[in-house]
Amino acid sequence: MWVTGAAFFLWVGAAIFYPLLGPRAYAWKTHLVTAGEFAEYALLAPAVPLLVRRRADAILVLGTLAAWTVVATVVGVLQWVGWNIVGGWGQGHREPSFLGTHDFAALAGMTLGVGLLALTWNVGGRLRAGAWIAVVTGIIGFVLGGATSGVVGLVAAAVLTAFVGVRRGIAHRAALAAAVTAALLGTLGVVLLRSGDFAQFFSFLGVRHTSAAAANNIETYPQHTVLAYIGLRIWLHHPIAGAGFEASKEFSTYGRELAAAHDRFPHVSAKSFPSKTRDYGIQDLYVQVLADLGVVGFGLLAALFGAGIWVAGAAALRAPPAAAFAATLGLFWLVLALGFWATQDIVAGIPLDAVTWLGFGAAVTRPA
């Protein structure tokens, strides 16, 4: 895992400089800073096994995580009922808490995983009460964040957690029921909260009549489709090595794809397309990596996640209980993050970065 991670970041480093060999304008100094900050967050991965060496360390860290999620969820609930605090999105809408909608959902999903895993491991006493608090606040926060892409990761992560519990012979009916219920409630809650966005997407697909508002305003899923299309076209022009790290966010790179994108999606609002004055990015890690780093970078990213999941899965099934708990938690977080990254491009320093790298760290943590 460490080797694949180092190889990925070495390729990112190379991708900051090889665009300078071409005629396109490329702000390599800006992207060098971004890469450095992104790599800085990756240091969370080795920090976890170095700092969490005992059961007491794990309880302190996970308890702090749960406490912050409780605070974030309370803020999100207050925003949802109509309190205009910390930039809420209005009564009855998805809410950002104090993090942003996507990152709020990721934090809540992270804590939900802690609670589900603690129940699967059949913890008792105060820890069991804390586990239920983590589950309840995790579900509420996950739904309020309303990140549809996170649903895919949550369902897969919950299934894997239940599978590990069954294979190890420790999963009781209550834990399995909690995992299934959490996945169902999280999915249904997000679908209900985002029903308006789904209706817009069905209009985009031609299933429903397109409203005048949809033709003039930015609609979430149609815009994601447009940006992914632009990203794939960038990749087709730079298939092996990509256009350069973060080059997909520069007009000198995506500008040549705009005419084709407008022709391909003539009914999508012009505001949904990037321009010289509007840079939306690709908003999909996997398409962005293809566009920026080519098949080489995509292969290294896939190898990195694959190695982390393999290491975590092997330890989750075979390691002693304490080490298996940490590994299963890392597995949950990594799979959860894979879902969230489907609608998020690389932004250094966001909470989703932390979820991802902490997942890698937990995968190799072996507390006594």
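Please specify each residue of region 121-168 satisfying the condition of being more than 20 Å from the chain's Cα centre (by Cα) and at positive phi. Please lay out each step first, then the result.
Taking region 121-168 as the starting set, the residues that turn out to be more than 20 Å from the chain's Cα centre (by Cα) are 121-133, 136, 162-168.
Correct list: 122, 125.
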I need the helices (runs of 4 or more DSSP H) fully contained in region 1-110, keeping only those with at least 2 residues that are among the aromatic types (Phe, Trp, Tyr), out of contact with any Gly (no Cβ under 6 Å at 6 or more places or on another chain) and surrounded by fewer than 16 Cβ atoms within 10 Å (Cβ to Cβ). 2-17
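So in region 314-330, with the set limited to residues that are touching a residue at least 24 places away in the same chain (Cβ under 8 Å), part of a helix (DSSP H, G or I) and over 17 Å from residue 47 (Cα atoms), which one is nearest to the chain's Cα centre (by Cα)? Before you say what the answer is, go through the steps one by one.
The initial filter retains those residues of region 314-330 that are touching a residue at least 24 places away in the same chain (Cβ under 8 Å), namely 315-317, 319, 321-330.
Narrowing further to those that are part of a helix (DSSP H, G or I): 315-317, 321-330.
Right, trim to over 17 Å from residue 47 (Cα atoms) and you get 315-317, 321-322, 324-325, 328.
On the way: 315: 23, 316: 22, 317: 25, 321: 28, 322: 26, 324: 23, 325: 22, 328: 18 Å.
Among those residues, the one meeting the criterion is 328.
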Failed item, numbered, when residue 95 is tested on (1) free of Cβ contacts under 8 Å to residues at least 60 places away in the same chain; (2) over 24 Å from residue 133 (Cβ atoms); (3) in contact with a helix residue (DSSP H, G or I) (Cβ under 6 Å, 6 or more places away or on another chain): (2)
Test result for residue 185, part of a helix (DSSP H, G or I), modelled with pLDDT of 85 or more and over 24 Å from the mean Cα position of the chain (by Cα): no
Read through the list (1) surrounded by fewer than 24 Cβ atoms within 10 Å (Cβ to Cβ); (2) not in a helix (DSSP H, G or I), then give the number of the only condition that residue 163 fails. (2)
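Restricting to region 250-283, name every residue that is touching a residue at least 60 places away in the same chain (Cβ under 8 Å) and surrounded by 14 or more Cβ atoms within 10 Å (Cβ to Cβ).
Step one: of region 250-283, the residues touching a residue at least 60 places away in the same chain (Cβ under 8 Å) are 250, 252-253, 267-268, 281-283.
Residues satisfying the conditions are 250, 252, 253, 268, 281, 282, 283.
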Checking residue 297 against (1) free of Cβ contacts under 8 Å to residues at least 24 places away in the same chain; (2) under 19 Å from residue 338 (Cα atoms); (3) not aliphatic (A, V, I, L, M), which test does it fail? (1)
So residue 89 passes all but one of these: (1) modelled with pLDDT of 90 or more; (2) more than 15 Å from residue 325 (Cβ to Cβ); (3) not charged (D, E, K, R). Which condition number does it fail? (1)
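The values are calculated or read from the model by the stated rules, or taken from the named source; none is laboratory data. The model shown is predicted, which means the values in this text are computed figures rather than measured ones. Note that each Cβ is placed from the backbone with ideal geometry, even for glycine, and that neighbours are counted across all protein chains shown.
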